[in-house]
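Comments concern the structure below.
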Amino acid sequence: MQKSSLAELTVRHLEKARGSSSGRSAETVVGGHTHILRQTLVALRAGEALDEHENPGEATVHVLTGRVRLAAGDTSCEGGTGDLLTVPDARHSLTAIEDTAVLLTVAKLE
């Protein structure tokens, strides 16, 4: 059994993202590449993005703080603190509208 404080991780990784040349910071909190389930806290400085990429399985983005835009093709939606966005089964990107931390949950398809 493991316990993590998403509030503490959010503060820590937002600080790292703000000070990083890439404008981002991340930490996998559950699972990993060898597991079906993976949950990763991702912090992005305003204006930074996770560029377009494939969806490796079923995925959601839970906005812990801030605002993001999830885009796939010609469609997009915005989410703010507390929102849960379902990642489409298509190439997509995630852009921080303001300093943001999200919990990305992925269940890999085998």
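The values are calculated or read from the model by the stated rules, or taken from the named source; none is laboratory data. Keep in mind that what you see is a predicted model, and the values were worked out from it rather than measured. Ideal geometry is used to build each Cβ from the backbone, glycine not excepted, and the neighbour counts take in all protein chains shown.
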(message) Exactly one condition in (1) surrounded by 15 or more Cβ atoms within 10 Å (Cβ to Cβ); (2) of a type in the set (Val, Ile, Thr); (3) out of contact with any Gly (no Cβ under 7 Å at 6 or more places or on another chain); (4) part of a strand (DSSP E or B) is false for Val63; which is it?
(response) (3)
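Could you tell me which residue of segment 34-49 is nearest to Ser5 (Cα to Cα), considering only residues that are part of a loop (DSSP other than H, G, I, E, B) and at pLDDT 95 or above?
Filtering segment 34-49 for residues part of a loop (DSSP other than H, G, I, E, B) gives 34-36, 45-48.
Next, only the ones that are at pLDDT 95 or above stay: 45-48.
Values: Arg45: 21, Ala46: 23, Gly47: 26, Glu48: 24 Å.
This residue is Arg45.
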(request) Mind counting the residues in segment 1-21 that are at pLDDT 95 or above, out of contact with any strand residue (DSSP E or B) (no Cβ under 8 Å at 6 or more places or on another chain) and either crowded, with 17+ Cβ neighbours inside 10 Å or part of a loop (DSSP other than H, G, I, E, B) (or both)? (result) 2
(message) I need every pair where a residue in segment 70-96 that is touching a residue at least 12 places away in the same chain (Cβ under 8 Å) has its Cβ under 7 Å from the Cβ of a residue that is among the aliphatic types (A, V, I, L, M) and loosely packed, with under 13 Cβ neighbours inside 10 Å, sequence separation at least 6 or different chains.
(response) Ala72/Ala90; Gly73/Ala90
(request) Could you figure out which of (1) in contact with a Gly (Cβ under 7 Å, 6 or more places away or on another chain); (2) surrounded by fewer than 19 Cβ atoms within 10 Å (Cβ to Cβ); (3) without any contact (Cβ under 8 Å) to a residue 60 or more places away in the chain isn't true of Gly57? (result) (1)
(request) Would you mind stating whether Gly47 is surrounded by 14 or more Cβ atoms within 10 Å (Cβ to Cβ), more than 24 Å from Lys108 (Cα to Cα) and touching a strand residue (DSSP E or B) at 6+ places or on another chain (Cβ under 8 Å)? (result) no
(request) Search segment 1-13 for residues that are on the phi > 0 side of the Ramachandran plot and pair each with any residue that is small (Gly, Ala, Ser) and assigned to a loop (DSSP other than H, G, I, E, B) when their beta-carbon atoms are under 7 Å apart and the residues are at least 6 apart or on different chains. (result) none
(request) Among what's in segment 18-54 and is of a type in the set (S, T, N, Q) and touching a residue at least 40 places away in the same chain (Cβ under 8 Å), pick the residue that is farthest from Val102 (Cα to Cα). (result) Gln39
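Answer yes or no as to whether Thr100 is modelled with pLDDT of 95 or more and polar (S, T, N, Q). Walk me through it before giving the result.
On the way: modelled with pLDDT of 95 or more: yes; polar (S, T, N, Q): yes.
Yes; evaluated as a whole, the condition is true for this residue.
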(request) Scan segment 76-91 residue by residue and report those that are more than 12 Å from the chain's Cα centre (by Cα) and in a strand (DSSP E or B). (result) Ser76, Cys77, Glu78, Gly80
